[in-house]
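Student: Structure below; questions to follow.
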């Protein structure tokens, strides 16, 4: 059609369509710019988080070589940013821990499932060792194919050392508990039930550990002395005293009377009322016998 022959309405319609297309294009460009700005802001935000967190964030390829990491990884391993790219985990672990990490990452690759809280040991550049807790997951490309791993490293050396110190402390306590020359028991204060007992207490009252754990101190106490410990225990539970000592009589399995001196201390936890106590039991039967003889001789 000749341009001169086109009517004004046709030209107006085409102009309107062209104007709308320009507006749509401007809108699309504006939205794209906003999306790019938002993306840059998010990238800056995430980068700030990665830089500032104490945990180490890392990305490695399928062979386990570093491709990305934050400063915390550098601090943990003791290497500079220039030294870490391309470094493999086998370069900062011994054979045992290197194999442990290999098996864990191989499992992630095969199953696609992330790992959580895997403990292992690393060797820093200065040859000191750290205990690390790692979590990792697969990185996939846009086609869904695995291309690497990403994860978090946490330094748990202080926690592991504290756990080891606690373990040794418990072993030391249990050794003393088992081998000490006096009877020792842990008792539930409200019921008098034995919770733990040592060998010496079993020997003292002529009962096995199983027999003691199935009974209470009331069942072994001489009836005439029972009220003495119950009164002191009630005062201890009420917070009127912090601990107590007491001389009383036990009745052994064969019916013999055994004089003992008890030293009772509650086991307290912060913000909790004492529910258990440690009882140290000293056999004073011989001392009581001598005291009775001296008493009788004084009246002869």
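Values quoted throughout were computed directly from the atomic coordinates according to the rules given, and no laboratory measurement underlies them. Predicted, not measured: the structure shown is a model, and the values here were computed from it. When we count neighbours, we look across all protein chains shown, and the Cβ atoms used for this are built from the backbone with ideal geometry, even at glycine.
Student: Mind pulling up the Rg/Rh value for the range 87-193? Radius of gyration and Kirkwood radius, both on Cα.
Tutor: With Rg and the Kirkwood Rh in hand, the quotient comes to 1.24.
Student: What number, in percent, do you get for the relative contact order of the range 53-161 if the mean sequence gap of Cα pairs under 8 Å and at least 6 apart is divided by its residue count?
Tutor: Once divided by the residue count of the range 53-161, the mean separation gives 29 percent.
Student: Once R0 is set to 45 Å, what does the formula 1/(1 + (r/R0)^6) return for the Cβ-Cβ distance between residue 142 and residue 165, expressed as a FRET efficiency to the nearest 0.05?
Tutor: Result of the calculation: an efficiency of 0.35.
Student: Could you calculate the contour length gain from residue 156 to residue 127, that is, 0.36 nm times the residue separation minus the distance between their Cα atoms, to one decimal place in nm?
Tutor: So the chain would gain 8.7 nm between residue 156 and residue 127.
Student: Once label points are set 7 Å from the Cα along Cα→Cβ at both residue 285 and residue 59, what is their separation, rounded to one decimal in nm?
Tutor: Taking the two extended label points, one gets 7.7 nm.
Student: Just subtract the alpha-carbon distance of residue 188 and residue 173 from 0.36 nm times their residue separation and send over the number in nm, one decimal.
Tutor: Working it through step by step, the gained length comes to 3.5 nm.
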